[in-house]
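Report on the following structure.
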Amino acid sequence: LLYRAIDTPVRILHDAAVELGHGHLETRVNLRAKGELGVLAEAFNRMAEELASTTVSVTSLESIFDSMAGILIMLGPDRRILNINRGALEFLGYPREELLGRPFDQVCARSADASLEQALRRAEQGLATVEELSLVRRDGSAVLVSFSGAGVRAPGGAVQGYVCIAQDLTEHKRIEEQVRSSLAEKEVLLRELHHRVKNNMQVVSSLLARSCWRYWNRA
């Protein structure tokens with residue numbers, strides 16, 4: 001009985017400390033023990049409240065991460081998907097459970113291998129780079145995106161993972177194609193206008209030459 005009276009509160013405090021260490025700042029200990037264990041429980045709750053008032057919790061960070069409209073993906077050092085936000089799930093058409101733990105390469109087109117490798121390698125070096133690569137949706141369609149990544153480092157300097165941002169380029173490419181098509185049409189019109197002006201100038205020059213010739217003959 002004495003062992004249980006001591007062991008159970010200690011286990012509760014230990015488990016709460018682990019949760020708090022993982023960033024769950026809402027963790028509290030509901031322990032009505034007397035003596036030193038009760039004092040420890042009250043001290044733990046005060047410490048948790050102070051941390052919660054000065055630190056952003058994991059829950060808050062995950063909420064911010066998930067609410068962002070862009071495509072955000074967190075990768076582990078082995079480039080497997082650790083977390084993915086709602087915007088990326090809607091873009092790719094997958095439920096979250098099908099992507100977590102999956103190699104990121106599997107949602108990239110094969111033509112994107114070189115661009116992905118370059119982006120993540122530069123991210124490891126602390127360099128910002130934006131690459132164009134194609135992501136493959138669940139329905140098999142490939143969509144071109146602009147992709148950039150940043151390396152997440154441990155205190156010792158080793159890369160623990162990557163935070164990746166992507167933006168759909170479909171609308172951008174459509175507008176770019178419209179502009180290119182419009183410029184091509186204007187170039188055709190300018191060439192046609194130049195041709196007509198040239199012909200008109202030749203006609204005017206010919207008329208002036210004839211008028212001058214008649215004038216000098218009369219003189």
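The values are calculated or read from the model by the stated rules, or taken from the named source; none is laboratory data. These figures come from a predicted structure and were not determined experimentally. Neighbour counts run over all protein chains shown; Cβ positions are idealised from the backbone, glycine included. The protein model used for the area step is the full one, side chains on, heavy atoms only, and it has no ligands, DNA or RNA in it. Shrake-Rupley method; radii C 1.70, N 1.55, O 1.52, S 1.80 Å.
Data table
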item	result
Of residues in the range 101-123 being in a helix (DSSP H, G or I) and basic (Lys, Arg), the one most open to solvent (accessible area, probe 1.4 Å)	Arg110
Complete set of residues in the range 69-100 that are hydrophobic (A, V, I, L, M, F, W, C) and not in a helix (DSSP H, G or I)	Ala69, Ile71, Leu72, Ile73, Met74, Leu75, Ile81, Leu82, Ile84, Leu100
Any hit, the range 154-176, residues being free of Cβ contacts under 8 Å to residues at least 60 places away in the same chain and closer than 13 Å to Ile71 by Cβ	yes
Condition met for Val29 (surrounded by 12 or more Cβ atoms within 10 Å (Cβ to Cβ) and either at pLDDT 75 or above or farther than 30 Å from Leu89 by Cβ (or both))	yes
Residue within the range 58-81 that is open to solvent by 90 Å² or more (accessible area, probe 1.4 Å), modelled with pLDDT of 85 or more and basic (Lys, Arg) present	yes
Residues that are among the small types (Gly, Ala, Ser), touching a helix residue (DSSP H, G or I) at 6+ places or on another chain (Cβ under 7 Å) and farther than 19 Å from Gln106 by Cβ, drawn from the range 142-171	Ser148, Ala150, Gly151
